[in-house]
Structure formats: C-alpha cells, structure tokens
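Asks: Quick one: structure below, then a few questions.
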Amino acid sequence: MESLFTLPLVNGAKVRILQITDTHLFAGEDETLLGVNTFNSYRAVLDAIKAQQREVDIIAATGDLAQDQSVEAYHQFARGICELTAPCVWLPGNHDFQPAMVNALQDAGINPSKHVLLGEHWQIVLLDTQVFGVPHGELSEYQLEWLVRCLEAYPDRFTLLMLHHHPLPSGCTWLDQHSLRNAHMLANTLANYPKVNTLLCGHIHQELDLDWYGRRLYATPSTCVQFKPHCTNFTIDTVAPGWRYLDLYPDGRVETEVFRLETSEFHPDTESDGYE
C-alpha cells in the first residue's frame with residue numbers, strides 16, 4: 001500500500017479542505033491558455049484565498065497543474081501553494097507529466113501520499129485516472145484494487161474520493177467524451193462501501209453538484225479558463241476563476257462552497273475553438 005499520511009486537525013469538530021484544480025501552468029510567467037495568463041490567474045486565486053483568512057486543514061490539487069509538462073511549471077505551482085500554511089496533496093490530470101510532477105513537487109516538500117487519514121472520522125483516497133497521451137480517464141486494475149485495500153483497512157471512516165476525471169456525464173457533450181471511461185467499474189467497486197459518500201474531481205473547468213449512485217459528486221472551477229456548462233461543442237465561459245472549500249463533519253455530512261475571483265481581469269478568448 002502506498003504511504004499513508006495522518007493529519008492532526010486544526011478544528012476537531014470538522015475537517016476543512018481547500019480544493020484547487022486545473023491551474024495549467026507553464027514554465028514561463030507570460031504564457032497564456034485560451035487568452036488567459038494562467039500564472040497571473042493562479043496568483044490572484046492564491047491572494048484571494050489568503051485574504052479570506054480561513055483555517056484550512058489540507059489542500060487538494062486535483063490535476064492538470066501544468067500545461068506544458070515542464071519541471072518549472074510544477075515549481076511555479078509549488079512556490080505558490082507553499083505560501084499557504086496547510087499541507088497539500090495532489091493527483092495527476094490528463095495534461096500532467098508524472099515524472100516531472102513527482103520529482104518537482106517532492107523536491108518542494110509537497111506530500112506525495114495518496115491516502116490521508118483526517119482526524120478520527122474521515123479519510124481521503126486520491127486516485128490516478130490518467131491515461132498518458134489522451135484526454136479521457138481510466139482507472140487501472142491496480143488502482144481499483146488499491147482503493148479496496150484502503151477502504152478495507154479503515155471501514156469505520158467516511159471517505160472522500162478524489163479523482164481528476166468525472167465519472168458521471170457533466171451535460172457537455174464534448175467534455176463527456178473525455179470522462180472516466182470505466183466509471184461502471186468504480187461504481188461496482190464502491191457498491192459495498194456506503195461510507196464513500198463524496199467524490200471530488202476537476203477536469204471540466206466548471207462547478208458541478210450531482211448525485212452518483214447515492215453519493216455526492218462535485219467538480220470545481222479552474223483557477224484559469226472556464227468551460228460553459230451544457231454545451232454540445234467546445235465553448236468557453238466568461239465567469240471568473242474559482243476554488244472550493246469542503247467541510248467534513250464527524251457524522252458524515254459535507255458542506256461545500258465555491259468562490260470566484262471578483263474581477264473580470266482574466267477574460268478568455270471566446271473565439272478559441274479548442275486546445276491540446
């Protein structure tokens with residue numbers, strides 16, 4: 001089993017998680033994605049989070065941290081996230097290059113663990129859905145077996161499951177081609193584990209709150225470009241970059257809230273017809 005991270009809590013009554021996702025950083029600070037400078041939007045999100053002065057127990061970065069797969073892009077991410085006081089865990093997205101990602105983040109002191117015990121009542125399991133070189137996701141047999149081992153080891157804990165790709169259609173036809181291809185296998189695996197009550201993903205660059213086989217499924221805005229909901233073809237949204245907080249309570253309840261930058265500074269190029 002991969003290394004286990006046990007986290008003492010700031011507030012024993014609940015666990016607060018900050019989710020940051022899809023930063024799409026480059027080695028250079030002047031690079032743009034679909035018209036948005038991703039370094040500047042990431043910095044603006046971090047500054048807004050710091051200004052909120054909320055106590056956070058752990059930060060979760062749910063993939064696509066780099067756009068150009070460079071070591072320096074991951075250094076850019078690490079330098080920013082290390083300005084926040086809470087520890088950070090992460091998982092890869094379809095745009096990430098794991099050899100560079102693993103080394104750069106570990107060198108920066110960012111925890112590589114994919115299984116986190118939070119206080120006495122909760123755990124996080126972070127899954128790798130990346131299929132290198134393609135935009136869709138899939139869970140390997142190893143990942144599914146490892147998930148079961150984590151759940152069997154701590155059967156009394158509620159579980160927050162994190163993954164990059166969404167297992168349930170988002171309502172965007174073009175995005176749903178790039179979802180988790182074997183979501184049915186994940187559903188079958190979880191059938192006997194009702195305490196896995198919440199799933200959290202990135203990838204779709206929009207806010208989502210859906211029911212998936214009786215579990216809550218959340219997706220969160222990107223820190224850069226947003227994708228317009230309920231579109232057949234690739235469509236960029238003009239809403240601001242965002243982030244999410246989740247509060248996990250001892251009885252299994254989850255309260256969550258999405259925030260966005262209060263600025264129109266990061267306006268995308270709405271004429272763009274896609275990106276790689």
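The values are calculated or read from the model by the stated rules, or taken from the named source; none is laboratory data. Since we're looking at a predicted model, the values are computed, not measured. Ideal geometry is used to build each Cβ from the backbone, glycine not excepted, and the neighbour counts take in all protein chains shown. For the accessible areas, the whole protein counts, side chains as well, though only heavy atoms, and no ligand, DNA or RNA atoms are used. Shrake-Rupley method; radii C 1.70, N 1.55, O 1.52, S 1.80 Å.
Asks: What net charge is computed for the residues neighbouring VAL225, neighbours being all others with C-beta under 12 Å from the C-beta of VAL225, Lys and Arg scored +1, Asp and Glu -1?
Replies: -3
Asks: Return, for the Cα atoms of the chain, the radius of gyration and Dmax in Å, separated by a comma.
Replies: That works out to 17.3, 50 Å for Rg and Dmax.
Asks: Scanning the chain for trypsin sites (Lys or Arg not before Pro) in DSSP loops with at most 14 other Cβ atoms within 10 Å, what's the longest stretch left with none?
Replies: Free of exposed loop sites, the longest segment is 55-252.
Asks: Please give me, ordered by residue number, the GluC sites (Glu not before Pro) of region 32-122 that lie in loop per DSSP and have at most 14 other Cβ atoms within 10 Å.
Replies: Answer in residue order: GLU55, GLU83, GLU120.
Asks: Quick check: convex hull over the Cα atoms of region 37-128, volume per residue in Å³, rounded to an integer?
Replies: Expressed per residue, the convex hull around the Cα atoms of region 37-128 is 93 Å³.
Asks: Can you tell me the accessible area per residue over region 132-211, all protein chains present, probe 1.4 angstrom, in square angstrom?
Replies: Computed with neighbouring chains in place, this is 42 Å² per residue.
Asks: Which percent of the accessible area of the chain is formed by carbon and sulfur heavy atoms (probe 1.4 angstrom)?
Replies: On the chain, the fraction of accessible area on carbon and sulfur atoms equals 48 percent.
Asks: Can you run the Rg to Rh ratio on region 7-75? Use alpha carbon positions and the Kirkwood inverse-distance Rh.
Replies: Ratio of gyration radius to Kirkwood radius for region 7-75: 1.06.
Asks: Follow-up. Let's test the formula: R0 of 25 Å, r as the Cβ-Cβ distance of SER140 and ASN192. What FRET efficiency results, to the nearest 0.05?
Replies: Here the calculated transfer efficiency is 0.80.
Asks: Sequence gap at least 6, Cα distance under 8 Å: using those rules, report the relative contact order of the chain to the nearest whole percent.
Replies: In percent, rounded to a whole number, it is 21.
Asks: What does the charge count around LEU180 come to, taking other residues whose C-beta lies under 15 Å from its C-beta (Lys +1, Arg +1, Asp -1, Glu -1)?
Replies: Net of charged neighbours comes to -3.
Asks: Is it possible to state the helix-based mean residue ellipticity at 222 nm for the chain, with each DSSP H run of 4+ residues giving -39500 (n - 2.57), the sum divided by total residues, to the nearest 500 deg cm²/dmol? What is it?
Replies: Value at 222 nm, helices only, nearest 500: -6500 deg cm²/dmol.
Asks: Rounded if a/c is under 1.5, else prolate if a/b beats b/c, else oblate: with a ≥ b ≥ c from the C-alpha gyration tensor eigenvalues square-rooted, which is region 224-276?
Replies: The shape class here is prolate.
Asks: Counting only DSSP beta bridges with both residues in the chain, tell me the antiparallel percent, nearest 5.
Replies: Antiparallel bridges: around 50 percent, rounded to the nearest 5.
Asks: Strictly greater than 22 Å: what percent of every Cα pair in region 112-260 meets that?
Replies: For region 112-260, the fraction of Cα-Cα distances above 22 Å is 40 percent.
Asks: Moving on. Under a plain spin-label model, where a point goes 7 Å from the Cα along Cα-to-Cβ, how far apart in nm are ASP68 and SER3?
Replies: 2.9
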